[in-house]
1. Within the stretch 259-279, track down each residue that is open to solvent by less than 10 Å² (accessible area, probe 1.4 Å) and within 20 Å of the chain's Cα centre (by Cα).
2. Of all strands (runs of 3 or more DSSP E) completely enclosed by the stretch 272-356, which ones contain at least 1 residues that are hydroxyl-bearing (Ser, Thr, Tyr) and modelled with pLDDT of 90 or more?
3. Quick one: in the stretch 132-148, which of the residues that are assigned to a loop (DSSP other than H, G, I, E, B) and at pLDDT below 75 is nearest to Ser161 (Cα to Cα)?
4. Starting from the stretch 244-258, take each residue that is in the same structural domain as Gly281 (by the TED database) and open to solvent by 10 Å² or more (accessible area, probe 1.4 Å) and list its partners that are part of a strand (DSSP E or B) and among the charged types (D, E, K, R), counting only C-beta distances under 9 angstrom and pairs at least six apart or across chains.
5. Taking the stretch 169-196, which residues are of a type outside the set (Val, Ile, Thr), within 18 Å of Pro325 (Cα to Cα), open to solvent by less than 30 Å² (accessible area, probe 1.4 Å) and at pLDDT 95 or above?
6. In this structure, does Leu61 turn out to be within 30 Å of Ala18 (Cα to Cα), open to solvent by 60 Å² or more (accessible area, probe 1.4 Å), out of contact with any strand residue (DSSP E or B) (no Cβ under 9 Å at 6 or more places or on another chain) and at pLDDT 90 or above?
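The values are calculated or read from the model by the stated rules, or taken from the named source; none is laboratory data. Bear in mind the structure is a predicted one, so any value in this text is a computation, not a measurement. Positions of Cβ are generated from backbone atoms using ideal geometry, with glycine treated the same way; all protein chains shown enter the neighbour counts. Heavy atoms of the whole protein, side chains included, go into the accessibility calculation; ligands, DNA and RNA do not. Shrake-Rupley method; radii C 1.70, N 1.55, O 1.52, S 1.80 Å.
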Amino acid sequence: MKRKTFGPVTSQQVAQIAGVSQSAVSRTFTPGASISPATREKVLKAARELGYRPNAIARSLNTARSRIVGVVMSYFDNQFYPQVLETLAQKLDELNYHLLLFVGDRDGNVDRIFDQIMQYRVDGIVLASVSLSVELSEECVAAGIPVVLFNRSEENATASSVNTDNEAAARNIAEFLLAGQHQRFAYVAGLADSSANLARQKGFITALQSHGVKDIRVVQGDYDAQKTAQAAGQLFSSPQPPDAIFAANDHMALMIMDIARYEFGLRIPEDLSVIGYDDTGPSGWPSYALTSASQPVEAMVSATIGLLMKQIESENIEPEQVVVPGVLVVRHSARRPQFGVIEKDGLCLFQPQEVE
């Protein structure tokens, strides 16, 4: 039967009821702490009777650790990021860390909410789909708070980052489309200041130009559905519309496919090939079957948390740049070349290096 108490129950009250020391109560509720099974059971029984819950905020004042990781994210229209968020939360929970979500501006800048993040005494920060100014990045280093950029990078590399090799993947996409005998190419770009977008655009255009392709149309989709629809309409209304489009992410690629089919009556892939980037859930749906460069969420999140924990535990914030390998998953939204497509682990992949 639960005892009547007035006000918050303290660990000292639990210790008195259980007949143990206050430190034994603390160890009972500290993951990995050493305590005998018998003592642990007595403490838990007393805690249940009193309705006791450990105070995480008070504990953080004693340990200088909040066990909270601040995650800043925006652009939830793109199903890649909700998947990343769920995986981050699960993996942090396994380590007895908690995720505190902040929603950034759609322009990708986190400076506006930086003060809010710092007020929560977070142990580390993950920035996904947003970026941090050099000044604030240096302030985090000075405060001893590790920052990991997820699917982003910065020129001065003052913060750690985890990415796929965007430029190499985009070159691979260009090789795939060239092998498929396409003639007219277009790139639908994301935000102009997005490091991932810039690397994908560079890799795609450079690879095409190295094969003598000069006329490559670039239009802005800005990772926005409406702007992407307008960009697609502009491309398809031109006298010489493209027969191959690479979009900077899947969200835009799917919109392009819808506009092509339902507003311009184009057949995919007979009239038009479309390729995206991320390999999100809808890419595998039969109605889209989108060929897309994969971003392996599990591997990227594991690398991100690994960097954070390493820097939190060592208290040494030395920026590291991790590149996680991805693959080009071939489905039915793009014309297949006669060579380079292989089957592996139930997927069709493109590996141009296997061309003899």
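1. First, pick out the residues of the stretch 259-279 that are open to solvent by less than 10 Å² (accessible area, probe 1.4 Å): 260, 272-278.
Those that are open to solvent by less than 10 Å² (accessible area, probe 1.4 Å) and within 20 Å of the chain's Cα centre (by Cα): Ile275, Gly276, Tyr277, Asp278.
2. On the way: elements: 273-278, 291-294, 321-324, 341-344, 347-350.
Hits in the stretch 272-356: 273-278, 291-294.
3. First pass over the stretch 132-148, keeping only residues assigned to a loop (DSSP other than H, G, I, E, B): 132-133, 144-146.
Checking which are at pLDDT below 75 leaves us with 132-133.
Details: Leu132: 12, Ser133: 14 Å.
So the residue we want is Leu132.
4. Listed pairs, sorted by first residue: His251/Asp278.
5. Within the stretch 169-196, Ala169, Ala170, Ala174, Phe176 meet the criteria.
6. Numbers: within 30 Å of Ala18 (Cα to Cα): yes; open to solvent by 60 Å² or more (accessible area, probe 1.4 Å): yes; out of contact with any strand residue (DSSP E or B) (no Cβ under 9 Å at 6 or more places or on another chain): yes; at pLDDT 90 or above: no.
Spelling it out, it is not the case that Leu61 is within 30 Å of Ala18 (Cα to Cα), open to solvent by 60 Å² or more (accessible area, probe 1.4 Å), out of contact with any strand residue (DSSP E or B) (no Cβ under 9 Å at 6 or more places or on another chain) and at pLDDT 90 or above.
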